[in-house]
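The values are calculated or read from the model by the stated rules, or taken from the named source; none is laboratory data. This is a predicted model, so every value here is computed, not measured. Cβ sites come from the backbone with ideal geometry, for glycine too, and all protein chains shown count toward neighbours. Side chains included, ligands, DNA and RNA excluded: accessible areas come from the protein's heavy atoms. Shrake-Rupley method; radii C 1.70, N 1.55, O 1.52, S 1.80 Å.
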Amino acid sequence: MKKSKFIPNFFVKQIRNRSINFAENNTHNRNNMKVLVIGAGGREHAICAALGKSPKVTEIYCAPGNAGIARIAHCVAIGDTEVDELLRFAQTHSVDLTVVGPEAALAAGIADLFTQHGLRIFGASKHATRIESSKEFAKNLMMKYDIPTADYAVFADYTEAMAYVERHGTPIVIKYDGLAAGKGVVVAMTHAEAEAALHDMLMVHKFGSDRVIIEEFIQGQEFSFMCFVNGTDVYPMALAQDHKRAFEGDLGPNTGGMGAYSPLPFITAEDRDFALNRIMKPTANALVAEGCSFCGVLYGGLMKTAKGIKVIEFNARFGDPETEVVLPRLTSDIFDVFNDVLDRRTPCIEWDSRAAIGFVLASKGYPESYRKGFEIKHLDTLKGVEVFHMGTKYDGDRLLTNGGRVLFVTGLAVTLAEARENVLTEIAKIDCDNLFYRSDIGYQAI
Ligand code: AMP
Ligand code: GLY
């Protein structure tokens, strides 16, 4: 038994008073913190893993989570858009901080609801989430505030849209105006492809809405710039690059992302400063000026073109799979970062100088149709890498595939090439009949 020390009464009072002040004003300095993470993918697994490194965090809940997340957090069977249920859960479990992964939860107004009820949440309001959920809103904002992006026009009418395509020719880019899980964009190389995309979006309403953006086709290196943002405060994360196409050599259909790496040798310090000062900060300021101040992760999907850096898209959340390579490089306490940004203090954000690279293991057939329920074996034999689950579930103690993107395997090493070799060696140990991956992740940098 521990020896208890005698503490004079007035000391106890002082200590108590101090802890009351901490509780009211400064989540930053408290321990035994409970955090709720919303989402069920690799991104949320990486957020939970980063939070798990904080000595201040003692309980992590994840709603709904997945089989991998269940190893490091308590998974809660509430869907990411069941915001009333999530609120009740956070209240009854005295959650100190909620961190939101998916756009659907933000678009469902989770941040607004939690804030109204006095709960701390790191995620954008429904209004501010339009930067992602409405491409028209995002494009109009960029136009109004002179933020560099590809030229565009908005259409609801198929005939007018086709006339625009005839005038501008191909390649041309057609984007559905709403959330489509990364699948509402068609880079039409031919007239026939443009016609088919417009037919899908404006005639048969494949995704639901009735508006499209048609954009100038631009070319260059794409990169992802995520920043922690609160109003006009913008704190950049390490840069990453995603690989959107399904197959090696950047071929095949667009996906939610097939792999990522960080840092990016082809983006210079000047490029980064330009992206921060001419794109990310002005966008945060523009959102404040428009009355929809942003709090959360603002993600710039940017392209370095011959005519400078331009915005391809904004997201109102951590990128997936970029988060799975960026957060493993964060050496600072992410719980502190979230709280500092929420309380408008300057956070300490430091990065591991090593490179990180990660590969998505996807179900054969993804991003089109695919089957689930294939057993994944030998995952526990992987060494020196981090495995994030994207779409898995347990059937008893059998781990099964349960989504299009199933696993994400990240490795860190001094060079990107070394990290890549390590991860590929480890991935080869995974035994599953229905997975494929792109082995060329990072090819632009290696
Ligand atoms: P988005 O969902 O808007 O990020 O678009 C998905 C992918 O389509 C991007 O990562 C780009 O590879 C491509 N893309 C989008 N817009 C353009 C554009 N204006 N020009 C060329 N490629 C584009
Ligand atoms: N990796 C792209 C996205 O998160 O939308």
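The set of residues in the stretch 144-153 being away from ligand 1 (no atom under 14 Å from the Cβ) and either aliphatic (A, V, I, L, M) or on the phi > 0 side of the Ramachandran plot (or both) consists of Asp146, Ile147. Scanning the stretch 341-365 for residues that are under 20 Å from the mean Cα position of the chain (by Cα) and more than 30 Å from Tyr235 (Cβ to Cβ) yields a total of 2. Among the residues here, Glu368 qualifies as closer than 19 Å to Pro321 by Cα and either over 24 Å from the mean Cα position of the chain (by Cα) or open to solvent by 40 Å² or more (accessible area, probe 1.4 Å) (or both).
A quick yes/no check of all residues on (1) in contact with a Leu (Cβ under 8 Å, 6 or more places away or on another chain); (2) under 15 Å from Phe228 (Cα atoms):
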{"site": "Arg245", "(1), (2)": "yes, no"}
{"site": "Pro253", "(1), (2)": "no, no"}
{"site": "Gly257", "(1), (2)": "no, no"}
{"site": "Ser293", "(1), (2)": "yes, yes"}
{"site": "Gly300", "(1), (2)": "no, yes"}
{"site": "Phe314", "(1), (2)": "yes, yes"}
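Checking the structure you have, find out if any residue of the stretch 157-176 is closer than 19 Å to Cys227 by Cα and either of a type in the set (Asp, Glu) or within 16 Å of ligand 1 (Cβ to nearest atom) (or both). For the stretch 157-176, residues closer than 19 Å to Cys227 by Cα and either of a type in the set (Asp, Glu) or within 16 Å of ligand 1 (Cβ to nearest atom) (or both): absent. Number of residues in the stretch 277-298 that are open to solvent by less than 10 Å² (accessible area, probe 1.4 Å) and either within 16 Å of ligand 2 (Cβ to nearest atom) or within 20 Å of the chain's Cα centre (by Cα) (or both): the value is 9. Search the stretch 186-208 for residues that are of a type in the set (Ser, Thr, Tyr) and pair each with any residue that is open to solvent by 40 Å² or more (accessible area, probe 1.4 Å) when their beta-carbon atoms are under 7 Å apart and the residues are at least 6 apart or on different chains. If the second residue must be open to solvent by 40 Å² or more (accessible area, probe 1.4 Å), the pairs left are Thr190/Thr170. Applying the set (1) over 18 Å from Val99 (Cβ atoms); (2) touching a residue at least 60 places away in the same chain (Cβ under 8 Å); (3) aliphatic (A, V, I, L, M) to Met280 leaves exactly one unmet item: (2). Looking only at residues in the stretch 304-324 that are within 16 Å of Thr255 (Cα to Cα), open to solvent by less than 10 Å² (accessible area, probe 1.4 Å) and part of a loop (DSSP other than H, G, I, E, B), the one that is nearest to ligand 1 (Cβ to nearest atom) is Gly319. The set of residues from the stretch 116-141 being closer than 18 Å to Ile174 by Cα and assigned to a helix (DSSP H, G or I) comprises Ile131, Glu132, Ser133, Lys135, Glu136, Phe137, Ala138, Lys139, Asn140.
Applying the criterion of at least 2 residues that are open to solvent by less than 20 Å² (accessible area, probe 1.4 Å) to the strands (runs of 3 or more DSSP E) found wholly in the stretch 208-276 leaves 212-216, 221-230, 259-262. Does the stretch 65-87 contain at least one residue that is of a type outside the set (A, V, I, L, M), open to solvent by 50 Å² or more (accessible area, probe 1.4 Å) and modelled with pLDDT under 65? No: zero hits.
In the set (1) surrounded by 20 or more Cβ atoms within 10 Å (Cβ to Cβ); (2) assigned to a helix (DSSP H, G or I), the condition left unmet by Arg438 is number (2).
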